[in-house]
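The values are calculated or read from the model by the stated rules, or taken from the named source; none is laboratory data. Note that this is a predicted model, so its numbers are computed, not measured. Every residue, glycine among them, receives a Cβ derived from its backbone with ideal geometry; neighbour counts consider all protein chains shown.
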Amino acid sequence: DTAVSQTPKYLVTQMGNDKSIKCEQNLGHDTMYWYKQDSKKFLKIMFSYNNKELIINETVPNRFSPKSPDKAHLNLHINSLELGDSAVYFCASSHIFNSPLHFGNGTRLTVT
Amino acid sequence: LAKTTQPISMDSYEGQEVNITCSHNNIATNDYITWYQQFPSQGPRFIIQGYKTKVKNEVASLFIPADRKSSTLSLPRVSLSDTAVYYCLVGDVSGTYKYIFGTGTRLKVLA
């Protein structure tokens, strides 16, 4: 019944590795997002997709590549992981512009 | 882009009413104001949304003055479980789905 689900919940990996985080929403929303929350708890938008089309790419290194196979899924692939990528990554979705965001419970990525 | 400013932290005691004010001087005509609550190890959760005047639901009230340059989230009779970070957001003026989170207000409810 989880509205926005992310996997995995925890991800520990070494520098230089490639990893993916998956997100699925069962709310029928058209728009999905990735946010990054750093150690100081700032939430920064990374990407936004509307109907599988990328509409926001917020100055994120091109090591980060989102992919939306359909409206219900938005995955995040990260190449050549760096220490500074350690953070909690949140997936979210919304119905229409200005409608509330629904967040997943986050993926805590630790790069060693 | 509308930017929000909130107090960094607040303390309150159980049973008190808590008011958290957010400034958004550059709010655009079409922007809505939305508040979220975040507990540790969880994603932010929608609390309330409004455009003008007053909105109320079972969890909170939202007061928005006529000029809409600020808003106040009111939590009635808080309990320990209301300890969380509260974020105020305004919608992006260009409609590009870019919801910008501010620093949030860390509310600590004391027994």
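Going through (1) under 14 Å from the mean Cα position of the chain (by Cα); (2) more than 14 Å from every other protein chain (Cβ to nearest Cβ) one by one, B:Tyr87 falls short only on (2). When the residues of the range A:100-112 are narrowed to those that are facing chain B (nearest Cβ under 8 Å) and part of a loop (DSSP other than H, G, I, E, B), which ends up nearest to A:His73 (Cα to Cα)? Looking at residues that are facing chain B (nearest Cβ under 8 Å) and part of a loop (DSSP other than H, G, I, E, B), I get A:Gly104. In the range B:47-58, the residues that are closer than 18 Å to B:Gly104 by Cβ reach residues that are surrounded by fewer than 18 Cβ atoms within 10 Å (Cβ to Cβ) and polar (S, T, N, Q) with C-beta atoms within less than 6 angstrom, at least six apart or across chains, in these pairs: B:Ile48/B:Asn57.
If we keep just the residues of the range A:5-19 that are surrounded by 15 or more Cβ atoms within 10 Å (Cβ to Cβ) and out of contact with any Leu (no Cβ under 7 Å at 6 or more places or on another chain), which is nearest to B:Arg45 (Cα to Cα)?
Restricting to residues being surrounded by 15 or more Cβ atoms within 10 Å (Cβ to Cβ) and out of contact with any Leu (no Cβ under 7 Å at 6 or more places or on another chain), the top hit is A:Ser5.
Residues of the range B:59-81 include at least one that is part of a helix (DSSP H, G or I) and either hydrophobic (A, V, I, L, M, F, W, C) or at pLDDT 95 or above (or both).
Please go through the range A:32-90 and pick out each residue that is basic (Lys, Arg), under 28 Å from B:Arg106 (Cα atoms) and under 13 Å from the mean Cα position of the chain (by Cα).
Result: A:Lys36, A:Lys44.
For B:Ser79, the conditions (1) crowded, with 19+ Cβ neighbours inside 10 Å; (2) more than 26 Å from A:Lys36 (Cα to Cα); (3) out of contact with any Ser or Thr (no Cβ under 7 Å at 6 or more places or on another chain) are fulfilled apart from (1). Of the residues making up the range B:25-35, those that are over 11 Å from the mean Cα position of the chain (by Cα) and either of a type outside the set (A, V, I, L, M, F, W, C) or more than 14 Å from every other protein chain (Cβ to nearest Cβ) (or both) are B:Asn25, B:Asn26, B:Thr29, B:Asn30, B:Asp31, B:Tyr32. Taking the range A:22-64 as the range and being more than 10 Å from every other protein chain (Cβ to nearest Cβ), buried (at least 16 other Cβ atoms within 10 Å of the Cβ) and assigned to a loop (DSSP other than H, G, I, E, B) as the test, the residues that pass are A:His29, A:Val60.
Return a yes/no flag: does the range A:19-32 have any residue that is among the charged types (D, E, K, R) and under 16 Å from B:Tyr36 (Cβ atoms). Within the range A:19-32, none of the residues are among the charged types (D, E, K, R) and under 16 Å from B:Tyr36 (Cβ atoms). A count restricted to the range B:1-43 and to residues that are exposed (fewer than 13 other Cβ atoms within 10 Å of the Cβ) and acidic (Asp, Glu) stands at 2.
Filtering A:Leu74, A:Leu81, A:Leu43, A:Leu54 for residues that are aliphatic (A, V, I, L, M) and in contact (Cβ under 8 Å) with a residue 60 or more places away in the chain leaves a single hit, A:Leu81.
When the range B:36-53 is limited to residues that are within 10 Å of chain A (Cβ to nearest Cβ) and assigned to a strand (DSSP E or B), the one that is nearest to the chain's Cα centre (by Cα) turns out to be B:Tyr36.
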